[in-house]
Amino acid sequence: MPRQMEIPSKYSPAATESRWYQYWMDQGFFRSVPDDREPYCIVIPPPNVTGVLHMGHMLNNTLQDVLVRRARMQGKNTLWLPGTDHASIATEAKVVARLREQGIGKSSITREEFLQHAWEWKEKHGGIILEQLKKLGASCDWERTRFTMDEALYESVIRAFVHLYDKGLIYRGVRMVNWDPRALTALSDEEVIYREIQSKLYYIRYPLADQSGEGLVIATTRPETILGDTAVCVNPADERFRHLVGKKVLVPLIDRPVPVIEDDYVDMEFGTGCLKITPAHDINDYEIGLRHRLETIDIFNDNGTLNEAAILYVGEERFAVREKIIAELQEKRYLVKTEDYVNKVGFSERTDEVIEPKLSLQWFLKMKELATPALEVVINDTIRFHPSKFKNTYRYWMENVRDWCISRQLWWGHRIPAYYLPGNEVVVAVNREEAYEKARKQYGLPDLRPEDLRQDEDVLDTWFSSWLWPISVFDGIRCPDNPDIRYYYPTNDLVTAPEILFFWVARMIMAGLEFAGDIPFRNVYLTGIVRDKLGRKMSKSLGNSPEPLELIRKYGADGVRVGMLLTSPAGNDLPFDEVLCEQGRNFSNKIWNALRLVRGWKEDEGTVQPDHCRVSVRWFDARLNSAIRFIDEQFFKYRISDALMAVYKLIWDDFCSWYLEMIKPPFGSPVDPVTLKQTTGFFETLMKLLHPFMPFITEEIWHHLGMRDDGECIIAAPWPGASAFDPELIDLFEKETRVIIALRNLRSDRNIPPREPIALLVRKNMDEIPDHTFDSVIIKLCNLSGISYVDRKPDNAAPFVVGKTEFFVPLEQSLDPEAERARLMEELKYMSGFLNSVMKKLGNDRFVSNAPAEVVEREQKKKADAEARIGVLEKQIEMLGGSFTG
């Protein structure tokens, strides 16, 4: 795409972004197929097919795009593979709600009819979030878009189940599970969110069955569950209740006799020291029930209402029953007292419903065997976490892993490939035909018919498909030696959130080692949570989350990307403020104005490069190469925010605020061809460094900086490499900037007009040798008539000090000695305080011992410079005829 000849006065993101994105797509820059280049691959954390773009997506995908774009510029064959997750619970809930609006109940239609509705919903709404990501600039290979229920991925999940079942790692059994009464399905432990809730602790009296008048008082937060009690338990060490062990008490309201038993689990200090045991509705009670062979009475229907086994309140909702049963217990004098109590309650991550512990026949995956090697590859840094602090969290989870409940009582998802025979025997196979053949052989049933087999009604947990994602997207389960899996696997980087470190990251590592024999990725970059200015997590329910597409419309995609990344170090939460996006937009405008300045200069082939331009070019070349080295180091360390800040300061401060001012020709005058060519080269390099962060404006500017062939774009331009540079030149200019700033301040303080030339006299102290490198630059920027070196303080001159050097500007008007002495005293006071703070640091043994050597060296240099400057100031005060002690 040829550049526009006319450069608009203002940059328009809306006009630029859609044009360049379509051009990149048309030219195939995002496309990847295996070849001889080094691959670089990221698989997108698949957003829910029900989802729309939120701020967390914006941060996560911006980071991925930065990594991908830089790798592409490094000449690697980059693949960012996009896709979506079928999200069983969330999607089924959406479809059920839609059917309800049409007057259709889920129970009134067949499974096949429901799935038809679900697929229609997916086709209509499923691609929204991916289209939104394009607005952000995501450079994904859209031709490779995957969905976790695509035919190939569906079969991969089924084959993985069969493999693990045949290996003895998948089993079916009755266990206590986390039941979601709204979604009507079991959940894994990781899908339960615990919150502290202000509750009540109810003290309830259980009379002895012998009608002696004696009894026990228990304390519970869930009085409705007493209807399922089958024992009361005390600690064997508790002398208070020893005489009651073995006797029976009556469950209030229903008079069920239950035994008083003893178990070490009971905490003698909690409540009354007596614990009601409801094996069907509490995991700890369930374990006690197993040890003591107690009866299990399940009093809840799947939807959270009470069933016939409860005897009372049948068909009523559990929390409504809580209110009613408390009233009845109080009326019949079973309720002893009530106390306020704070406890943790589990909520469904998907529906926000209070979880009901429930005994249920489910499918489980044994995790210990899979977890051990998955822990080892993280601990030994085969897979690196960024930041590494999350290794400890990972270790804890993996060392305390529990079997994974993988079945869900839903229709939308991967149906469990277990088939039941008329005699309730079970076979597990990839499909019905294979199951039929296996059943005939395994059970010796020659007369068995295919229609005699009944497939399990449940589907697999959504995470059971997601954990295969880095393999299944390349068809590595079905075809483990295909060209894609051989070339792209293991992938390079994964960018995700710490809250799914076990949900997804750990399980992908397990699956990679189990099914592909190798790790799924080499680095895991863990983002923080996007929070508002008050520190609250952004969410629709709080109304504190801005609409991402509205931010893009307002500030441009580049502005929003910069705003997201400016304060987002890995692993730390991002305190988002819309002003950050405004800062990003302002940065775009700054660069655009720099472009208009440079492209507006007239070139004169006959003009020789002046000295101030020559040395300015030398300095910026050194500064640029120093910055490239630093930026590459930050990328190596996955400090993406620090890399952006380095590019930001290099462009805003060094290039725009200093370099362009240093070389800018006088108004109406031409620029020499050497300086213009070198400046244009610098500008192009800066745009390359910035491109991963701000892809749209950099592409636009790059095309304005020079004529390009069709298809020649910055997106595929080579990433800049750092050449050798002179660090002393950089340090020298840093000192000279302090001189320039001091001269500008002096002009302002003395009301000397900028256009009026002034002279500068320099006195070197302590055997310093004058360095004239940047004299021509200082003369230009400060409008000096000249720079002279003197041995003594001149009369009637305004002084200032930089480092050990004294500077003087001759004045036409007489200098006020008292005012000058006061100014010097103020500066001396400041420098003395500064030196004191440095001395405290260097006097701290812990700082000197633990800080990096270069940091300690930098503080020692500060000390030496401050002492030298204080010496000069004291000498100047003394020459004015006063005491520097005040």
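The values are calculated or read from the model by the stated rules, or taken from the named source; none is laboratory data. Small disclaimer: the values here were computed from a predicted structure and weren't measured. Neighbour counts are summed over all protein chains in view; Cβ atoms, including those assigned to glycine, are modelled from backbone coordinates with ideal geometry. When the accessible area is computed, the model is the full protein with side chains, heavy atoms only, and any ligands, DNA or RNA have been set aside. Shrake-Rupley method; radii C 1.70, N 1.55, O 1.52, S 1.80 Å.
Values for this structure:
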{"item": "Top-ranked residue of the range 163-174 - restricted to ones that are open to solvent by 10 Å² or more (accessible area, probe 1.4 Å) and in a helix (DSSP H, G or I), ranked as nearest to SER360 (Cα to Cα)", "result": "TYR165"}
{"item": "First in the range 381-403 and under 25 Å from TRP363 (Cα atoms) and assigned to a loop (DSSP other than H, G, I, E, B), second anywhere and of a type in the set (Gly, Ala, Ser) and at pLDDT 95 or above, Cβ under 9 Å, 6 or more apart", "result": "VAL401/ALA371; VAL401/ALA506"}
{"item": "One residue from ALA309, ALA320 being open to solvent by less than 60 Å² (accessible area, probe 1.4 Å), part of a helix (DSSP H, G or I) and farther than 26 Å from ASN343 by Cα", "result": "ALA309"}
{"item": "Residues of the range 280-304 satisfying the condition of being assigned to a loop (DSSP other than H, G, I, E, B) and either open to solvent by 10 Å² or more (accessible area, probe 1.4 Å) or in contact with a Leu (Cβ under 8 Å, 6 or more places away or on another chain) (or both)", "result": "ALA280, ASP282, ARG293, LEU294, GLU295, THR296, ILE297, ASP298, ILE299, ASN301, ASP302, ASN303"}
{"item": "Hey, PRO666 at pLDDT below 95 and not hydrophobic (A, V, I, L, M, F, W, C) or not", "result": "yes"}
{"item": "Yes/no for ALA209 being modelled with pLDDT under 95 and of a type in the set (Gly, Ala, Ser)", "result": "yes"}
{"item": "Residue, nearest to LEU312 (Cα to Cα), within the range 188-238, restricted to residues that are out of contact with any helix residue (DSSP H, G or I) (no Cβ under 8 Å at 6 or more places or on another chain) and hydroxyl-bearing (Ser, Thr, Tyr)", "result": "THR225"}
{"item": "Which numbered condition SER139 misses (of (1) small (Gly, Ala, Ser); (2) under 27 Å from LEU63 (Cα atoms); (3) over 31 Å from the mean Cα position of the chain (by Cα))", "result": "(3)"}
{"item": "Of the criteria (1) loosely packed, with under 13 Cβ neighbours inside 10 Å; (2) under 19 Å from MET662 (Cα atoms); (3) touching a strand residue (DSSP E or B) at 6+ places or on another chain (Cβ under 8 Å), which one ASN783 fails", "result": "(1)"}
{"item": "Residue in the range 689-699 that is out of contact with any helix residue (DSSP H, G or I) (no Cβ under 8 Å at 6 or more places or on another chain) and assigned to a helix (DSSP H, G or I) present", "result": "no"}
{"item": "Entirely in the range 459-515, the helices (runs of 4 or more DSSP H) that have 1 or more residues that are touching a helix residue (DSSP H, G or I) at 6+ places or on another chain (Cβ under 8 Å) and within 16 Å of CYS41 (Cα to Cα)", "result": "469-472, 483-488, 507-511"}
{"item": "ARG242 vs. criteria more than 25 Å from LYS332 (Cβ to Cβ) and of a type in the set (Lys, Arg)", "result": "yes"}
{"item": "Every residue from the range 458-484 that is surrounded by fewer than 22 Cβ atoms within 10 Å (Cβ to Cβ) and free of Cβ contacts under 8 Å to residues at least 60 places away in the same chain", "result": "CYS479, PRO480, ASP481, ASN482"}
{"item": "Single match in LYS366, LYS344 (criterion: surrounded by fewer than 16 Cβ atoms within 10 Å (Cβ to Cβ), touching an Asp or Glu at 6+ places or on another chain (Cβ under 8 Å) and basic (Lys, Arg))", "result": "LYS344"}
{"item": "Residue satisfying all of: in the range 100-147; assigned to a loop (DSSP other than H, G, I, E, B) and either of a type in the set (D, E, K, R) or in contact with an Asp or Glu (Cβ under 8 Å, 6 or more places away or on another chain) (or both); farthest from ALA557 (Cα to Cα) among these", "result": "ASP141"}
{"item": "Verdict on ILE640 being β-branched (Val, Ile, Thr), under 19 Å from PHE683 (Cβ atoms) and open to solvent by less than 50 Å² (accessible area, probe 1.4 Å)", "result": "no"}
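Yes or no, residue by residue, for (1) part of a helix (DSSP H, G or I); (2) aliphatic (A, V, I, L, M):
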| site | (1), (2) |
| --- | --- |
| ILE631 | yes, yes |
| TYR638 | no, no |
| TRP658 | yes, no |
| THR675 | yes, no |
| THR679 | yes, no |
| GLU712 | no, no |
| ILE715 | yes, yes |
